[in-house]
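Quick notes on the structure that follows.
The values are calculated or read from the model by the stated rules, or taken from the named source; none is laboratory data. This structure is a prediction, so every number in the text was calculated from the model and none was measured. For neighbour counting, all protein chains shown are included, and Cβ atoms are generated from backbone atoms with ideal geometry for every residue, glycine included. These accessible areas exclude ligands, DNA and RNA; they are computed on the full protein's heavy atoms, side chains included. Shrake-Rupley method; radii C 1.70, N 1.55, O 1.52, S 1.80 Å.
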Amino acid sequence: PPPPHYPLSFEARWLARTALLLTPFPMRLLALPVGALLAVAIAGILLASSPPPPSQGRRDHALGEGRPLRRGCGPLPSPLPMDRAGASGAAVLSQRRCRHLYRHTAPCGPLGRLRGGDEGEEGQSAPAEEPVEEIKTEGADPQAAEAAKVKGNDAYKRRDFPKAIERYTEAIQLDPENPVYLNNRAAVYLAQDNLDDAEVDVRKAIQLEKCKPMVDQDDKALGRSYLRMGSIHHKRGNFSGAIYWFKNSIVEHTFPETSMKLRESEKALKEQKAKEYINPELSAEAKQRGNKLFRDGDIQGALVEYTEAIKRNPEDPKAWNNRAACHQKLYELREGINDAEKAVKLDPKYVKGWSRLGQMYFGNQQLDKSKQAFEKMNELEPGNEDAKKGIDMVNRALQNTGGGGQGATQAEVEQRVRSDPEAIQILSDPAVQQVLKDLQANPGSAQQYMQDAVMGPKLKKLIDIGVIQTSRRA
């Protein structure tokens, strides 16, 4: 039943009581008739501005609106106001709390198709209003439909897709108002990469769910439909649209796979945009600007230009090596090492890249790696003066530290291990730990382990930094 209508609104009665309490006692006799007249005037204004109470039909007063509870769908406007692809997680959670209000204020209707390529971050467009035919339910047999669905599920598990489609279609014919059967058939179409038919079924399922009475709507079923729609758009390469639907699925119901698929779409969209940004010609122009700024002493400006050159052409080893030089000038050794390693990875025969990498390793006190980089440089260009100077520089540094790690104090060895990720990884290997125990018990077995193709290089590394001490003859 509709709520009772009082002759005076709550605001009017509250105002009258407040006026009475705040008025001094001698003035109350005069304030009573004046307050009553004022309250009646305010109540009249409020009642005149409010809509008349419903006179017929069953209304949903529990939700605060005058929407009839019905299954029939008339003209259907745009989809519900949902979270956009670029919204934050907090916005998604906030909308989850308000989703019933959104559903209530927007009647059920057809969903707008996402634009193919110009949707941007949002990935949605406003659809035109279209009338939808009433669903005829005469002769529906839910029990037989459920039995057909079970047979379809069995066929789907056996990957007998034609049989599964046949059974799900039978279930839809027996109970056309149940969106679950449409969703199941869409899953089969999706497994067959029949994306167009899958989208048709999912959109019908969403319409059916939205056209149910509010008390009968299933958040989980609607979330499953949105999840299926996101998978369709992801397969089509419309990652922005996929993100839109995955986030709306999270609003309705959180499935374990939704977050993973959302991250995959976000990663794919980022890679897609990065590929679209690639332009070797613009990369060369940015690199030239960076070279000029570097020569003029503007290292920060050169760093920005080299970064732009890398974004425009991430396969150019020279751009990575040039940015490593900027990091070296700014004493950002870790960043410089990463860029130099990327340069020689892209072009293993890039001599300048190995030279830069050897210098960066030397500055970071990774003397063994520095020596290896200069030796690789000398291997590519035998007799290279810079390579010889680099090797001599590293050898002198090794002699000053006791021939590498030999003769170093315990504190020095620990410091070298902490600053060398490769040494940390070697020491965390259970096989290496067992070998170190064997060497303590039987030092004579060292020669055997050093000849091993896998264990030998690891032990040499530990010898170089001083973890394993060897005896030297005078």
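Quick notes on this structure:
- Condition check for Q359: assigned to a loop (DSSP other than H, G, I, E, B) and closer than 18 Å to V394 by Cα: no
- Test: A242 is surrounded by 19 or more Cβ atoms within 10 Å (Cβ to Cβ), of a type in the set (A, V, I, L, M, F, W, C) and under 14 Å from the mean Cα position of the chain (by Cα): yes
- Within the range 329-356, tally of residues that are without any contact (Cβ under 8 Å) to a residue 24 or more places away in the chain, under 22 Å from E315 (Cα atoms) and assigned to a loop (DSSP other than H, G, I, E, B): 1
- Selection status of L262, farther than 30 Å from W320 by Cβ and surrounded by 23 or more Cβ atoms within 10 Å (Cβ to Cβ): no
- Positions within the range 280-291 being open to solvent by less than 40 Å² (accessible area, probe 1.4 Å) and small (G, A, S), in sequence order: S283, A286, G290
- Helices (runs of 4 or more DSSP H) fully within the range 159-228 that include at least 3 residues being within 25 Å of Y244 (Cβ to Cβ): 179-191, 195-210.
- Of the residues making up the range 450-461, not a single one is farther than 30 Å from N322 by Cβ, outside any helix (DSSP H, G or I) and open to solvent by less than 50 Å² (accessible area, probe 1.4 Å).
- The range 292-313 - residue that is surrounded by 15 or more Cβ atoms within 10 Å (Cβ to Cβ) and polar (S, T, N, Q) and, of those, farthest from C326 (Cα to Cα): N313
- Beta carbons closer than 9 Å, at least 6 apart along the sequence or on distinct chains, pair a first residue in the range 260-282 that is assigned to a helix (DSSP H, G or I) with a second that is open to solvent by 90 Å² or more (accessible area, probe 1.4 Å) for A274/K311; Y277/K311; P280/E315.
- Of the residues E170, E209, E177, E166, the single one that is touching a Pro at 6+ places or on another chain (Cβ under 8 Å) and under 20 Å from E146 (Cβ atoms) is E209.
- Total residues in the range 302-328 satisfying the condition of being acidic (D, E) and outside any loop (DSSP other than H, G, I, E, B): the figure is 2.
- Selected residue (criterion: nearest to Q192 (Cα to Cα)) from residues of the range 138-165 that are surrounded by 14 or more Cβ atoms within 10 Å (Cβ to Cβ) and acidic (D, E): D160
- Near pairs, Cβ below 7 angstrom, 6+ apart or cross-chain, from the range 189-206 (under 19 Å from G152 (Cα atoms)) to any residue that is aromatic (F, W, Y) and in a helix (DSSP H, G or I): A191/F161; Q192/F161; D197/Y189; A198/Y189; D201/Y189
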